[in-house]
Amino acid sequence: FPVTIGGSSGRLVDNFCLHSTKFNWSIIEPSVQAAHTDGRVDLIEGYFENHDFNTTFDTIVHSHVFEHVYDPFKFLQKIYQLLKPNGLHYISLPNMNYWLRNKFTNTLSFEHTFYVDDLVLEHLLSMTGFKVLEKIIDNHSVFIKSIKVENCETVNYDFTYVKDIFKTYMTGIQADADYIKEQLFDQ
């Protein structure tokens, strides 16, 4: 059975409840907002990193959570330990590559604690025993389906492109700041 990390309002599970009859689902969320009366759904109030689970799962899902964790490697290792052999891991996260290229100032902040895009995530997943099965990338989000495997070969990329993205981003932000100063002080 699946677990959702950061279930928030529970909308994902609500949707699943409408389309399936036989399942058990756990949601772990520090600020439980959903009031599930469905006996198939177990709400756990707390942080995934701090919770001791007494079971393993077929599937683990988290949407726009990964970019908020403080230790992504440890987070993925815990997911690996909690998944049954060949367990599935579904992830969605902001498309930080697109966001930085378009100067979205909310890309990295006190909430988004590190840069991660599909290639960085694929590298981290392979380092922790996951093989990427499918990727979907749009301007807002990156969606990845991965599987727990026994002997996973580490996927490596040349990550120098990230430095170029940051340089362009910072140059653009500086130009915006200079323009604003110019507008303020020329009046």
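The values are calculated or read from the model by the stated rules, or taken from the named source; none is laboratory data. This one's a predicted model, so the numbers in the text were calculated from it and none came from an experiment. Here Cβ is always computed from backbone atoms with ideal geometry, including for glycine, and neighbour counts include all displayed protein chains. SASA here: full protein model, heavy atoms, side chains in, ligands and nucleic acids out. Shrake-Rupley method; radii C 1.70, N 1.55, O 1.52, S 1.80 Å.
Considering only residues of segment 82-103 that are of a type in the set (A, V, I, L, M) and within 10 Å of Asp58 (Cβ to Cβ), which is nearest to the chain's Cα centre (by Cα)?
Quick first cut of segment 82-103, residues of a type in the set (A, V, I, L, M) only: 82-83, 88, 91, 93, 96, 100.
Now drop any that are not within 10 Å of Asp58 (Cβ to Cβ), which leaves 83, 88.
Working: Leu83: 17, Leu88: 14 Å.
Per the criteria, the residue is Leu88.
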Exercise for the section: Would you mention how many residues in segment 93-122 are part of a strand (DSSP E or B) and open to solvent by 70 Å² or more (accessible area, probe 1.4 Å)? Expected result: 0
Completion exercise
Flagged in segment 129-176 as open to solvent by less than 40 Å² (accessible area, probe 1.4 Å) and assigned to a helix (DSSP H, G or I), in numbering order, are Val162, Ile165, Tyr169, Gly172
Problem - Odd one out for Ser126 among (1) touching a helix residue (DSSP H, G or I) at 6+ places or on another chain (Cβ under 9 Å); (2) among the polar types (S, T, N, Q); (3) within 13 Å of Leu76 (Cβ to Cβ) - result: (1)
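Picking from Ser141, Ser146, which residue would you name as being within 24 Å of Ser63 (Cα to Cα) and touching a Pro at 6+ places or on another chain (Cβ under 8 Å)?
Working: Ser146 fails: touching a Pro at 6+ places or on another chain (Cβ under 8 Å).
Answer to the check: Ser141.
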Exercise for the section: Identify the residue in segment 62-92 that is touching a helix residue (DSSP H, G or I) at 6+ places or on another chain (Cβ under 8 Å) and in a helix (DSSP H, G or I) and, among all such residues, is surrounded by the most Cβ atoms within 10 Å (Cβ to Cβ). Expected result: Phe66
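Here is a yes/no grid of residues against (1) surrounded by fewer than 19 Cβ atoms within 10 Å (Cβ to Cβ); (2) at pLDDT 90 or above; (3) within 18 Å of the chain's Cα centre (by Cα):
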site: Val3; (1), (2), (3): no, no, yes
site: Thr21; (1), (2), (3): yes, no, no
site: Trp25; (1), (2), (3): no, no, no
site: Pro30; (1), (2), (3): yes, no, yes
site: Gln33; (1), (2), (3): yes, no, no
